[in-house]
Amino acid sequence: MHIETKLNDRIDQFCQQSNFSGVVLAKQKDAKLIELTYGYSNRAEELANTIHTKFGIASGCKLFTAIAVCQLVEKGLLTFDTRLKDCLNIDFPNFEENISLHQLLTHTSGVPDYFDEEVMDDFEELWKENPMYQIRGLKDFLPLFQNGDMMFTPGERFHYNNAGYILLGLIVEQKSGLSFTDYIVKNIFEQCGMKDSGYFSLDCLPKNTALGYIDKEDGSWRTNIYSIPVKGGSDGGAFVTASDMLKLWDALLHYKLLSQEMTDLLITPHVHAEDDEYYGYGIWISKRESEIYKYHVMGYDPGVSFASSYYPDSEVTLVIPSNQSYGPHDVTDVFEENM
């Protein structure tokens, strides 16, 4: 109890000092460790964030896409060696012939990205020529990268790639006969009991959904409605509650979404990213002294930031959504320093 109290106190102190906006939720096995809320889901109306608030999680939902692909592999509709050209009826004139699903899942495909995070730092620049209000489905992303040139030979190296996950979502649509978002809701969210989560349009948000806020240096702010696609998809943009994300981890790790063999494959460190960071299928894996320390997902968009981790040794699960552009990474650091 002493450790739990100390952990709560340290995190609360940090969140207060840093003006964090969002939720910090953690549990160990079935016991709750932390449940803290900060800031407003709607600043103009001064509506407080609560444990029931739905938050955008940006790239944090690439994991959902990877799970969907693995489900289709289990059904025999695909293999990880299946080539892009053999499972998607869309023309990519400059793509290599041998791009595989495994490479798309692990960011080693080399396909051109519509937003290359290593060379671009302003996501909003994308929408000057391609209005974000027209990005409502996966095919709407294609003009941003379909005719681009390969960045490198498939399988050569790791390079984080959003367009690769758009392609995976298009494959899910073609193989399942459902829209990507309908597939995820039916085959993942409903299976987990994630009743408060979904892919919501920014111009039609449901009750208890946090608006994303972009803070300026002079203390003023604006929402992110003109800064991100109007509806999320397979590379990012779902909305979840912190409690629902705990349900996702539970279902995944107790083999309710995939078999044990397939789950183990999803969380295998397939490729080295940098330092002690590795990547599986839609999930990051951190090592310490060559041993797996945590499995985690994260997401960053203008007005959105998210981090969620599972620590296998202690069986602790941590979820930190925020409706600001920053915060969860630093809160995670405080959590790990005091855990």
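The values are calculated or read from the model by the stated rules, or taken from the named source; none is laboratory data. Since the structure is predicted, the reported quantities are computational estimates derived from the model, not experimental observations. We place every Cβ from the backbone using ideal geometry, glycine too, and count neighbours over all the protein chains shown. We work out accessible area using only protein heavy atoms, side chains counted, and drop any ligands, DNA or RNA first. Shrake-Rupley method; radii C 1.70, N 1.55, O 1.52, S 1.80 Å.
Residue separation of LEU205 and GLN174 scaled by 0.36 nm, minus their Cα-Cα distance, works out to 8.4 nm of gained length. Other residues within the sphere of radius under 13 Å centred on the Cβ of LEU202, judged by their own Cβ, net out at +1 (K and R +1, D and E -1).
Would you give the gap between the C-alpha center of region 238-273 and the C-alpha center of region 1-51, rounded to a whole Å? Result: 24 Å between the Cα centres. Once you list every other residue whose beta carbon is under 13 Å from the beta carbon of TRP221, what net charge do they have if Lys and Arg are +1 and Asp and Glu are -1? Neighbourhood net charge equals 0. Expressed as a rounded percentage, what relative contact order does region 285-339 have, with Cα pairs under 8 Å and six or more residues apart? Reported relative contact order: 26 percent.
Peptides 103-109, 297-303, 177-183 ordered by packing proxy, namely the average of other Cβ atoms within 10 Å per residue, highest first: 103-109, 297-303, 177-183.
The separation of region 70-102 from region 147-199, counted between C-alpha centres, amounts to 12 Å.
With all protein chains kept in place, the per residue accessible area of the chain amounts to 45 square angstrom at a probe of 1.4 angstrom.
Each of GLN191 and ASN147 was given a label point 7 Å from its Cα along the Cα-to-Cβ line. The distance between the two points is 3.9 nm.
Helical content of the chain, expressed as a calculated mean residue ellipticity at 222 nm, amounts to -7500 deg cm²/dmol (DSSP H runs of 4 or more residues, -39,500 (n - 2.57) each, divided by residue number, nearest 500). Taking label points 7 Å from Cα along the Cα-to-Cβ direction, MET339 and ASP12 give a separation of 2.1 nm. Neighbours of ASN98 by Cβ distance under 14 Å: Lys/Arg scored +1, Asp/Glu scored -1, total -3. Dipole check for region 193-339: with +1 at the C-beta of Lys and Arg, -1 at the C-beta of Asp and Glu, and the Cα centre as origin, the magnitude is about 800 Debye.
Accessible surface of the chain, 1.4 Å probe: 45 percent of it comes from carbon and sulfur atoms. Modelled spin-label separation between HIS272 and LYS32, with each label point placed 7 Å from Cα along the Cα-to-Cβ direction: 4.3 nm.
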